[in-house]
Amino acid sequence: ERYKRATEFIDVLRGLWNNEKFSYDGDFFKYKDAHLLLRPGHARSPEIFSVSAGDEGRDFIAQTCDWWFINYPKAAENTDDVMRGVEEAITDMRRRAEREGRHVRFGMNPFVGIAADEQTGIDAIINQILKFDPDTDQRKLQRRMLPALKAGLIGKPEDVIKQLGRYRDLGLELILCK
């Protein structure tokens, strides 16, 4: 039900963005001659971003959204495992979007850190987080962060740039740096 509601919500947003007056009669939203006082300043509608790992969520994204933030493979042991998981996810979403006659773009939000080596960078990232919440359990923090830390984007500048290129070559167009 949440994806049906989200689809209707996005239909309403796009309808309001693209029309002076807009009517909609859905299961969750009903509008007659609705309008926005301020609409987007350009002809192209704002893009819709989403994240989901499950089949139903991926289908929703393929049918409705413009961008998909890819989840990290939870079982990844290293950067190569992350790369394989990202590649499989992109292949799957491209197939789903193609089936819908659509194109979805890809992004992710890894930790990015420049340091002398990976461990020094990871330690610096954790220390920055602990500045904001010094009572955080560091072991729990690392467990939650671990997948994003395995993206291979922490270390020497040349290594980070090379890894960003690998992600670009897989089809990622947007990296939101943490």
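Annotation: of all residues in the range 45-68 being polar (S, T, N, Q) and at pLDDT below 95, the one that is farthest from the chain's Cα centre (by Cα) is Ser45. As an exercise: evaluate Gly101 against (1) assigned to a helix (DSSP H, G or I); (2) modelled with pLDDT of 90 or more; (3) under 30 Å from Arg2 (Cβ atoms); (4) over 14 Å from the mean Cα position of the chain (by Cα) and give the number of the one condition it does not meet. Going through (1) assigned to a helix (DSSP H, G or I); (2) modelled with pLDDT of 90 or more; (3) under 30 Å from Arg2 (Cβ atoms); (4) over 14 Å from the mean Cα position of the chain (by Cα) one by one, Gly101 breaks only (1). Among the residues making up the range 1-58, those that are more than 29 Å from Ile175 (Cβ to Cβ) and aliphatic (A, V, I, L, M) are Val12, Leu16, Ala34, Leu36, Leu37, Leu38. Take the residues in the range 52-90 that are assigned to a loop (DSSP other than H, G, I, E, B) and hydrophobic (A, V, I, L, M, F, W, C), then tell me which one is surrounded by the fewest Cβ atoms within 10 Å (Cβ to Cβ). Top of the filtered list is Ala75. Assessment of the range 22-44 against the conditions (hydroxyl-bearing (Ser, Thr, Tyr), surrounded by fewer than 17 Cβ atoms within 10 Å (Cβ to Cβ), at negative phi and modelled with pLDDT under 95) yields no matching residue.
The values are calculated or read from the model by the stated rules, or taken from the named source; none is laboratory data. On a predicted model such as this, the values are computed, not experimentally measured, just so you know. Every residue, glycine among them, receives a Cβ derived from its backbone with ideal geometry; neighbour counts consider all protein chains shown.
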